[in-house]
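Below is one structure; the comments refer to it alone.
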Amino acid sequence: MRLLLFGPPGGGKGTQATLLKEKYTIPHISTGDILRKSVSDGTTLGVRAKEHMDKGKLVPDDIMIGLVGEVLKSGDCNNGFILDGFPRTVAQAEALDVVFKELDIELDAVIYVKVDQEEIISRLSQRWMCRSCNNIFNTAIDTIDHNECPKCGGILYQRDDDKPDVVKQRLDIYEKTTLPVLNYYNTTGKLIEVDGTGNVREVYNRILAGVQK
Ligand code: AMP
């Protein structure tokens, strides 16, 4: 199964990817998670990416395209994958198709998880992440004790780019630069639009129904 999860920041892509990863036993490739790991490891990529991420801006296409190409060409993705957070520009979508041609593979579905701005702003202000397992929690739904991850015991933190002024910038970029990517996939017959509101299971069931169709 080769899936692409598309949608606004804070729209629940990461949470749904975790469930889909278990269901299909395929790797979850989150470009945001890869970049955050590089930042915390202090790699060259991390240092370059951080200056963009801190401002809520996109990391340049050449860096992202090289990064995702490398991951997809590694043997880990031979049995499928869930791509989350990439492509975020039309240039990235085009470059992704070039990589797919080289590998002689195709996507099975592009899942668009649709959530409106008001809901996103509220969700991002309540979002906590685990430094160890990257699981995502929402304080409106999940009970969190002493900032400890209920799944693995790791330390929970709030992302710097979930602060209100950075969120606004990320949403602007999403509207202007990332949403046009939907048109790119519109004609492929693989685009599945899913209502991203409601609880995690409801959204998950909508995604499964769409994929199975
Ligand atoms: P995410 O965790 O997907 O919300 O990504 C966090 C941040 O990483 C974004 O706000 C961008 O700065 C950067 N990032 C992640 N994926 C991409 C991408 N495909 N293109 C450019 N920047 C990205």
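The values are calculated or read from the model by the stated rules, or taken from the named source; none is laboratory data. Given the structure is predicted, the values throughout are model-derived calculations rather than measurements. Glycine gets a Cβ as well: all are built from the backbone with ideal geometry, and neighbour counts include every protein chain shown. For accessibility, only protein heavy atoms count, side chains too; no ligands or nucleic acids. Shrake-Rupley method; radii C 1.70, N 1.55, O 1.52, S 1.80 Å.
Beta carbons closer than 6 Å, at least 6 apart along the sequence or on distinct chains, never pair a first residue in segment 175-194 that is more than 15 Å from Ala91 (Cβ to Cβ) with a second that is at pLDDT 95 or above and of a type in the set (Asp, Glu).
So, of the residues in segment 51-75 that are within 9 Å of the ligand (Cβ to nearest atom) and open to solvent by 70 Å² or more (accessible area, probe 1.4 Å), which turns out to be farthest from Glu175 (Cα to Cα)? Applying the filter and picking the extreme gives Asp54. You will find that of Thr25, Thr15, the residue that is under 13 Å from the mean Cα position of the chain (by Cα), in contact (Cβ under 8 Å) with a residue 12 or more places away in the chain, open to solvent by 10 Å² or more (accessible area, probe 1.4 Å) and closer than 30 Å to Tyr204 by Cβ is Thr15 and no other.
With the structure loaded, tell me whether Leu4 is more than 11 Å from the ligand (Cβ to nearest atom), within 21 Å of Ser132 (Cα to Cα) and either in a strand (DSSP E or B) or open to solvent by less than 40 Å² (accessible area, probe 1.4 Å) (or both) or whether it fails that test. Give the steps one after another, and end with the answer.
Details: more than 11 Å from the ligand (Cβ to nearest atom): yes; within 21 Å of Ser132 (Cα to Cα): no; either in a strand (DSSP E or B) or open to solvent by less than 40 Å² (accessible area, probe 1.4 Å) (or both): yes.
When the stated conditions are applied, Leu4 does not pass them.
Counting only residues that are in a strand (DSSP E or B) and open to solvent by less than 10 Å² (accessible area, probe 1.4 Å), how many does segment 79-117 have?
Within segment 79-117, the subset in a strand (DSSP E or B) is 81-84, 109-114.
Next cut, open to solvent by less than 10 Å² (accessible area, probe 1.4 Å) only: 81-83, 109-111, 113.
Of the residues in segment 79-117, 7 are in a strand (DSSP E or B) and open to solvent by less than 10 Å² (accessible area, probe 1.4 Å).
Do you know which of the residues in segment 88-137 that are among the basic types (Lys, Arg) and in contact with a Phe, Trp or Tyr (Cβ under 9 Å, 6 or more places away or on another chain) is farthest from Ala209 (Cα to Cα)?
Just the residues of segment 88-137 that are among the basic types (Lys, Arg), to begin with: 88, 101, 114, 123, 127, 131.
Within this subset, residues satisfying the condition of being in contact with a Phe, Trp or Tyr (Cβ under 9 Å, 6 or more places away or on another chain) are 88, 127, 131.
Values: Arg88: 25, Arg127: 27, Arg131: 32 Å.
Per the criteria, the residue is Arg131.
Taking the criterion of being open to solvent by 100 Å² or more (accessible area, probe 1.4 Å) and touching a residue at least 12 places away in the same chain (Cβ under 8 Å), the residues of segment 140-164 that qualify are Ile141, Lys151, Ile155, Pro164. The condition of being over 13 Å from the mean Cα position of the chain (by Cα), open to solvent by less than 70 Å² (accessible area, probe 1.4 Å) and not aromatic (Phe, Trp, Tyr) holds for Thr43. Scanning segment 45-67 for residues that are free of Cβ contacts under 8 Å to residues at least 60 places away in the same chain and part of a helix (DSSP H, G or I) yields a count of 15.
Just a yes or no: is a residue in segment 40-49 closer than 20 Å to Gly14 by Cα, more than 10 Å from the ligand (Cβ to nearest atom) and polar (S, T, N, Q)? For segment 40-49, residues closer than 20 Å to Gly14 by Cα, more than 10 Å from the ligand (Cβ to nearest atom) and polar (S, T, N, Q): present.
Quick one: in segment 76-133, which of the residues that are of a type in the set (Asp, Glu) and modelled with pLDDT of 95 or more is farthest from the ligand (Cβ to nearest atom)?
Filtering segment 76-133 for residues of a type in the set (Asp, Glu) gives 76, 84, 94, 97, 102, 104, 106, 108, 116, 118-119.
Restricting the remaining residues to those that are modelled with pLDDT of 95 or more gives 84, 94, 97, 102, 104, 106, 108.
On the way: Asp84: 7, Glu94: 13, Asp97: 15, Glu102: 19, Asp104: 23, Glu106: 20, Asp108: 20 Å.
Here the answer is Asp104.
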